[in-house]
Amino acid sequence: SKKSRRKKPSQFWDVPPPGFEHITPLQYKALQATGQLPVAGAALP
Amino acid sequence: CTRIHNKPTFSQTIVLLSMYKSPAATAAVLDPAGLGVSQYSDNELQSHFDTFFEDVFVEVEDKYGEIDEMNVCDNLGDHLMGNVYIKFVKESSAKPCVEALNNRWYNGAPIKAELSPVTDFREACCR
């Protein structure tokens with residue numbers, strides 16, 4: 001199998017918005033689509 | 001942009017919408033008149049971008065397939081700002097990648113991924 005090129009673990013991948021760790025990204029976007037969650041940019045790293 | 005953006009059903013290129021949040025672009029949105037003094041040096045902005053680019057490139061190539069080319073929009077147009085375009089070597093990498101990334105988080109936000117009709121980035125424009 002091929003070796004990963006990642007030198008250290010990512011700080012950003014698979015980091016959910018605080019308080020939404022219990023739902024999936026698809027569920028989160030569905031809530032945004034129905035207006036139950038605001039569509040806002042992520043915080044800066 | 002008033003153009004119709006066709007979404008292809010197959011492509012070797014994907015777009016990750018508004019994924020790159022540049023500190024400079026964020027400052028421009030918050031302070032459109034530019035009255036505030038930029039708190040970021042060119043070196044800091046470049047370093048921020050380089051970290052993002054490598055983080056995304058390595059993860060996508062490791063998990064979803066060899067990348068031919070990756071571009072990040074440094075454009076303040078609403079529908080372009082922060083878009084990441086990734087052209088895979090193989091078309092068969094693109095669709096599974098879109099499906100997988102649409103159910104992953106990046107930096108506290110859900111990823112919005114689509115297939116893109118762009119095949120040549122030097123000829124790309126809104127149609």
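The values are calculated or read from the model by the stated rules, or taken from the named source; none is laboratory data. Every value quoted in this text rests on a predicted model; they were computed, and no experiment measured them. Note: ideal-geometry Cβ built from the backbone for every residue, glycine included; neighbour counts use all protein chains shown. The accessibility values were calculated without ligands, DNA or RNA, using every heavy atom of the protein model including side chains. Shrake-Rupley method; radii C 1.70, N 1.55, O 1.52, S 1.80 Å.
Points worth noting:
- Any hit, segment B:5-18, residues being open to solvent by less than 30 Å² (accessible area, probe 1.4 Å), modelled with pLDDT under 75, under 14 Å from the mean Cα position of the chain (by Cα) and not polar (S, T, N, Q): no
- In the set (1) more than 10 Å from every other protein chain (Cβ to nearest Cβ); (2) open to solvent by less than 70 Å² (accessible area, probe 1.4 Å); (3) at pLDDT 80 or above, the condition left unmet by B:GLY36 is number (3).
- Lone unmet requirement of (1) surrounded by fewer than 17 Cβ atoms within 10 Å (Cβ to Cβ); (2) among the polar types (S, T, N, Q); (3) modelled with pLDDT of 90 or more; (4) farther than 26 Å from A:ALA33 by Cα for B:SER93: (1)
- Exactly one residue among B:ASP42, B:ASP74 is open to solvent by 50 Å² or more (accessible area, probe 1.4 Å) and at pLDDT 75 or above, and that residue is B:ASP42.
- Among the residues of segment A:1-37, those that are within 23 Å of B:VAL58 (Cβ to Cβ), more than 7 Å from chain B (Cβ to nearest Cβ) and free of Cβ contacts under 8 Å to residues at least 12 places away in the same chain comprise A:SER1, A:LYS2, A:LYS3, A:LYS7, A:LYS8, A:PRO9.
- The residue that is modelled with the lowest pLDDT, counting only those in segment A:1-26 that are surrounded by 14 or more Cβ atoms within 10 Å (Cβ to Cβ) and out of contact with any strand residue (DSSP E or B) (no Cβ under 7 Å at 6 or more places or on another chain), is A:ARG6.
- Any chance B:ALA100 is under 15 Å from the mean Cα position of the chain (by Cα) and at pLDDT 90 or above: no
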